[in-house]
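Any read-out appearing in this document is the output of simple, stated calculations on the displayed coordinates, not a laboratory observation. On a predicted model such as this, the values are computed, not experimentally measured, just so you know. Neighbour counts are summed over all protein chains in view; Cβ atoms, including those assigned to glycine, are modelled from backbone coordinates with ideal geometry.
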Amino acid sequence: MWPLPDVLLHAMHFHMWLDALFKFQITGTYIVRLILEGLLIGVIYALMALGLTLIFSVLNIVSFAHGEFYMIGGYVVYAILHHYKGFPGLLAIVVAALVTFVIGAVFERLFLQPMAKGQVERPSEYAILITFGLSFFLQFVMLGIMGPFPKKAPRFWSFPKIDLGFIRTTKTTLFLGNIPLSGGRIFAAIIALLALAAVLWFMYRTWTGWALQAVSQDRNAAAVVGINPLNMNTLAFGMGAMLAGLAGAVLVTVFSWVPWVGVPASAKSFVIIVLGGMGSIPGSLVGGLILGVVESLGTGLFPDPARAQAYRDVFGLVIFALVLWLKPTGLFGRKL
């Protein structure tokens with residue numbers, strides 16, 4: 001049999017997509033399920049992107065090692081739960097947050113502070129190279145410690161048995177009518193929401209948070225009123241690393257973990273902060289939710305399920321390109 005021309009193949013794929021979309025519109029439950037799944041993962045995206053936004057707004061650099069803190073957070077939780085049976089999952093998450101905060105703060109003090117003190121001739125290039133170096137270093141250290149094979153931590157908790165008609169549960173799944181939602185993702189989203197709320201409260205309701213905002217707006221003016229920009233740099237980088245570590249810590253029970261798992265996560269964070277506006281905290285939150293929903297809808301509505309996951313990142317990048325075309329500063333960005 002002769003192969004079909006490319007034009008006919010594209011026409012057939014488009015017809016399949018229209019048929020699939022029509023069916024999904026009739027069964028709107030499927031659309032609702034995709035949106036809810038997108039929002040659940042979007043909250044995690046927002047948490048990680050918020051850390052990168054905080055680093056960029058205060059230090060004025062983009063950390064290319066951000067994904068590796070995400071990776072380390074997951075491995076810390078896995079190692080604790082694997083070696084200490086019965087260890088509380090929430091406490092393991094707290095340990096992962098502390099570990100990533102300390103690593104980030106120490107790295108900033110040792111390697112980024114010379115840049116802030118003017119001891120480096122080309123600070124922009126230096127920041128790119130040193131964070132890339134940290135990325136490779138952390139990847140290969142964890143490869144040597146944990147090995148190349150996928151790891152997955154046991155789930156933190158199980159749902160109690162509930163049957164209220166519309167709301168039902170099994171040990172691992174929550175059912176809203178006919179919509180199943182993963183218990184692991186729900187737990188991760190709840191922890192992420194609590195972490196986001198805590199960071200927003202810290203940034204907008206405490207003196208230290210106001211000091212971070214002051215340094216991000218004008219370092220010299222902040223120094224005049226008694227704020228030490230160097231200390232704020234360390235705090236911002238440590239907090240940014242901690243938020244990435246938290247995102248990894250809550251998702252290690254959902255996804256398989258390998259030393260390079262942070263690479264795609266870091267790429268998504270870059271997309272989100274540009275989508276929402278560089279340095280914008282509201283932009284990172286909204287951008288994360290948008291990316292999660294777009295990826296979920298795009299993957300779920302793709303007519304060929306066997307190839308849908310391969311195109312998952314493409315759907316977010318299409319929205320990213322459209323925003324840059326229509327509003328280059330991002331959704332919440334301002335012209336410099």
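So what are the ³J(HN,Hα) numbers for segment 113-123, from phi and the Karplus equation (6.51, -1.76, 1.60; θ = phi - 60°), rounded to whole Hz, Gly and Pro as x?
5, x, 5, 5, 7, x, 8, 10, 6, 10, x
In Å and whole numbers, how far do the C-alpha atoms of segment 73-207 stretch along each principal axis, longest first?
Principal extents (Cα only, largest first): 66, 42, 26 Å.
For the chain, what is the calculated [θ] at 222 nm in deg cm²/dmol (nearest 500), taking -39500 (n - 2.57) for each run of four or more DSSP H residues and dividing by its residue count? It would help to have the intermediate numbers written out before the result.
Values: 14 runs with 236 residues, N = 336.
Calculated from helices alone, the mean residue ellipticity at 222 nm is -23500 deg cm²/dmol.
Between PHE137 and SER158, what is the label-to-label distance in nm when each label sits 7 Å out along the Cα-to-Cβ direction?
For the pair PHE137/SER158, the computed spacing is 4.3 nm.
Trypsin sites (Lys or Arg not before Pro), restricted to segment 154-233: which are DSSP loop and have at most 12 other Cβ atoms within 10 Å?
Working: sites: ARG155, LYS161, ARG168, LYS171, ARG185, ARG205, ARG219; in loops: ARG155, LYS161, LYS171.
In loop regions of segment 154-233 (DSSP not H, G, I, E or B), the sparsely surrounded trypsin sites (Lys or Arg not before Pro) are LYS161, LYS171.
Mind listing the long-range amide H neighbours of THR169? Cut-off is under 5 Å, sequence gap 5 or more, other chains count too, H placed in the peptide plane at 1.01 Å from N.
It is ILE162, PHE175, by chain and number.
Once the chain is represented by equal point scatterers at the alpha-carbon sites, with solvent omitted, what log10 I(q)/I(0) does the Debye formula produce at q = 0.07, 0.15 Å⁻¹?
-0.33, -1.28
Please compute the length gained on full extension between GLU121 and ALA267, using 0.36 nm multiplied by the number of residues separating them and subtracting their Cα-Cα distance. Don't skip to the end; give the middle numbers.
On the way: separation 146, 0.36 × 146 = 52.56 nm, distance 2.80 nm.
Full extension of this stretch gives 49.8 nm more.
Kindly provide the trypsin sites (Lys or Arg not before Pro) of segment 273-336 that DSSP labels as loop, not H, G, I, E or B, and whose Cβ sees at most 15 other Cβ atoms within 10 Å.
Passing sites in segment 273-336 are ARG334, LYS335.
For segment 150-155, just list the computed ³J(HN,Hα) in residue order, Karplus coefficients 6.51, -1.76 and 1.60, θ = phi - 60°, integers in Hz, with x standing in for Gly and Pro.
These are the phi-based 3J(HN,Hα) values: x, 10, 8, 7, x, 5 Hz.
Relative to the present Cα-Cα distance, how much length would full extension add between ARG307 and ALA197 at 0.36 nm per residue of separation? Mind dumping the intermediate values first?
Numbers: separation 110, 0.36 × 110 = 39.60 nm, distance 3.67 nm.
Gain on stretching ARG307 to ALA197: 35.9 nm.
Which of LYS151/LYS171; LYS85/LYS171; LYS161/LYS268; LYS117/LYS327 have a Cα-Cα distance over 30 Å? Kindly include the intermediate steps, with their values, before the conclusion.
Values: LYS151/LYS171 21 Å; LYS85/LYS171 19 Å; LYS161/LYS268 36 Å; LYS117/LYS327 35 Å.
Going by Cα-Cα distance, LYS161/LYS268; LYS117/LYS327 fall outside the 30 Å limit.
Taking the number of other C-beta atoms within 10 Å as the exposure measure, put HIS66, HIS82 in order starting with the fewest. Mind showing how you got there, number by number?
Working: HIS66 30, HIS82 13.
Listed from fewest to most nearby Cβ atoms, that is HIS82, HIS66.
If I take R0 = 56 Å and measure r between the Cβ atoms of LYS327 and PHE87 in this structure, what FRET efficiency does the formula 1/(1 + (r/R0)^6) give, to the nearest 0.05? Walk me through the intermediate numbers first.
Values: r = 46 Å, r/R0 = 0.83.
Computed FRET efficiency for LYS327 and PHE87 comes out at 0.75.
Ranking ASP313, ASP218, ASP163 by Cβ neighbours within 10 Å, fewest first, what do you get? The partial results should precede the final answer.
On the way: ASP313 17, ASP218 11, ASP163 8.
Going from sparsest to densest Cβ surroundings: ASP163, ASP218, ASP313.
I'd like the Karplus ³J(HN,Hα) series for segment 201-217: coefficients 6.51, -1.76, 1.60, θ = phi - 60°, whole numbers in Hz, and an x wherever there's a Gly or Pro.
4, 4, 6, 10, 10, 10, 4, 5, x, 5, 5, 4, 5, 5, 5, 5, 8
Taking 8 Å as the Cα distance limit and 6 or more residues as the minimum spacing, I'd like the relative contact order of segment 47-262 as a percentage. Don't skip to the answer; put the middle values down first.
Working: 326 pairs, mean separation 94.6, N = 216.
Relative contact order comes out at 44 percent.
Bin by bin, in steps of 10 Å, what percent of the Cα pairs in segment 227-312 do you find, going until the bin that has the longest distance?
P(r) over segment 227-312, rounded to whole percents: 14, 36, 35, 10, 3, 1.
Could you list TYR78, TYR84 so that the one with the fewest beta carbons within 10 Å of its beta carbon is first and the one with the most is last? Working shown, then result.
Working: TYR78 22, TYR84 10.
Fewest to most other Cβ atoms nearby, the residues stand as TYR84, TYR78.
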